Amino acid sequence: MTRYVLVPCAAVVVVISTIMAQGNQHGARPLDALGYALLGATALGLAWLRGRPEVSVAVCCLTAAVVLALGYAYALWAVPALIAMFTAIAEGRRREGWAGAAFLVAFPAAGALLAYDAGNLVALLVWALVVALTGQLAEVSRARRGYIAELERTREEEARRRARDERLKIARELHDVTSHTISLIALQAAVAAEAVERAGGPPEARAALGVIRKASREAMSEMKGLLGVLRQADGDRAGRSPMPGLDRLGELVASSALPVRLAFEGDRRPLSPVVELTAYRIVQEALTNTVRHARAAAAQVTLRYESGGVVVEVVDDGRGSRGGGSAGHGLAGMAERVAAVGGSLSTGDRPEGGFGVAAWLPA
C-alpha cells in the first residue's frame, strides 16, 4: 500500500476511533483543534515508512505520547506507531525499531507509576504484551526476508557455478578437438607449401596453401581469444584478447581465396563491440560460403552507415543457390547473430546473378 493511500486511511481510522471512544470515556479530554492536529500527525508519520522507517518511528511515537499525556480518549492512535515499529524492525532497522518499542512502553509506564491505579497497571501490562508481540512478529518477518534473500543468493551462485563449469567444459572440448585440428591443418599446409616449392609447382597452389596457412593462424588466434573468454571468471576481463571488429575487415578481405572489393559508404563511426563483432562474423561467413559453394570469380563487401545503424552487404558473381551446394549451418548462424542484436537479415540469389547477403544492424 502506497503512502498516498496508507496515510489518509490511517488518519480516518485514528480520528473516527477516537471520536467513538470519547463517548465511553467521560473523563477524557474533548477533541479540539490541537487534538485533531495530533491525530493527523500520528498518521502523517507513516509517510516516511518505506524510505525512512526510523523517521516514522520517531514521529508516530512522539505524537502518540503527546496524545496520551494530554489526556485524550484511548483509541487506535497508537496503531501507526506499532506499524512504524514493525516496519523498521522487519527492514533491518532493529535498533530504531526496538527503541521505539521501549519508548511506547516506558512512557505510559511512567504515567501509571505517577498515578497509581490497578486498572492502569493491567492496561499497561496488556499494552506491553501487544508491543512485544508486534516486535517479535517483525523479527520473524525480518528473519524470513533474510532467509529468502540468502536462498536467492545461493541459487544465483549455483547458477553461476554451473555456467562456469559448462564454459570450462566447452573450452576443454574446443582446445582438445578443434584447436588440434586447426593446428594440424596449418602444419600440413606448411609442409605441402614446402613440397610444392621444392617441386617447382604452380604458383596458384603455393598461393592457395599460403592462404590456408594464414587463415589457420588467424583461426588459432581467435580460438585462443575465445578460450580465454570461456576460462575467465565472471567479471574478470584481464588477459582477454580483443574480439575482431570492423577495423580488421581489411585483413579478412585480403586473406580471402578470391578477389574481394571492400567499400564503405556514409560517415564511418565506431559501433558497439557486439555489433562490430556481428558484422565481422557475417562478412567472414558469407565469404567462406562464397569460396566453398559459389564458384565465384569475385565478391564485394559493402558497409553502408545509416543514421540508425549499419548495412552489411556481401555479394558475389557465382552460381547462386541454384547451382547446388549448401552453406550448412552458416546462414542459420548468421540469422541468430543478427537477431541477437535486434537486426534483420536477408539472403538469396540476385537477379543479375550470384548470391547476396544483406544485414541491417542497429547502432
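The values are calculated or read from the model by the stated rules, or taken from the named source; none is laboratory data. The structure displayed is predicted, hence computed values, not measured ones. Please note: Cβ atoms are built from the backbone with ideal geometry, for glycine as well, and neighbour counts cover all protein chains shown. All accessible areas refer to the heavy atoms of the entire protein, side chains included, with ligands and DNA or RNA removed. Shrake-Rupley method; radii C 1.70, N 1.55, O 1.52, S 1.80 Å.
In this view, the solvent-accessible surface of residue 274, computed with a 1.4 Å probe and all protein chains in place, comes to about 80 Å².
Ignoring the sites themselves, the chain has its longest run without GluC sites (Glu not before Pro) in a DSSP loop having at most 14 other Cβ atoms within 10 Å at 1-305. For segment 1-159, the fraction of C-alpha pairs farther apart than 22 angstrom is 46 percent. When the surface is traced with a 1.4 Å probe over the full set of protein chains, residue 269 keeps roughly 80 Å² accessible. Only helical runs count toward this figure. For the chain, summing -39,500 (n - 2.57) over DSSP H runs of n ≥ 4 and dividing by all residues gives -21000 deg cm²/dmol at 222 nm.
Between residue 305 and residue 52, the contour length at 0.36 nm per residue exceeds the alpha carbon distance by 86.0 nm.
Taking only C-alpha pairs under 8 Å that are 6+ residues apart, what is the relative contact order of segment 25-94 in percent? Across segment 25-94, relative contact order equals 38 percent.
Note on residue 197 and residue 344: with the Förster distance fixed at 56 Å, the Cβ-Cβ geometry gives a FRET efficiency of about 0.75. Only Lys, Arg, Asp and Glu carry charge here, each on its Cβ (+1 for the first two, -1 for the last two); on that basis the chain has a dipole of about 420 debye about its Cα centre. Going through (1) 70, 40, 39; (2) 120, 43, 32; (3) 87, 46, 37, the figure that equals Cα extents along the principal axes in Å as computed for the structure here is (2).
Measuring only protein heavy atoms, the 1.4 Å probe finds residue 214 accessible over about 80 Å².
Sorting 26, 293 by solvent-accessible area of protein heavy atoms yields 26, 293, largest first, with a 1.4 Å probe.
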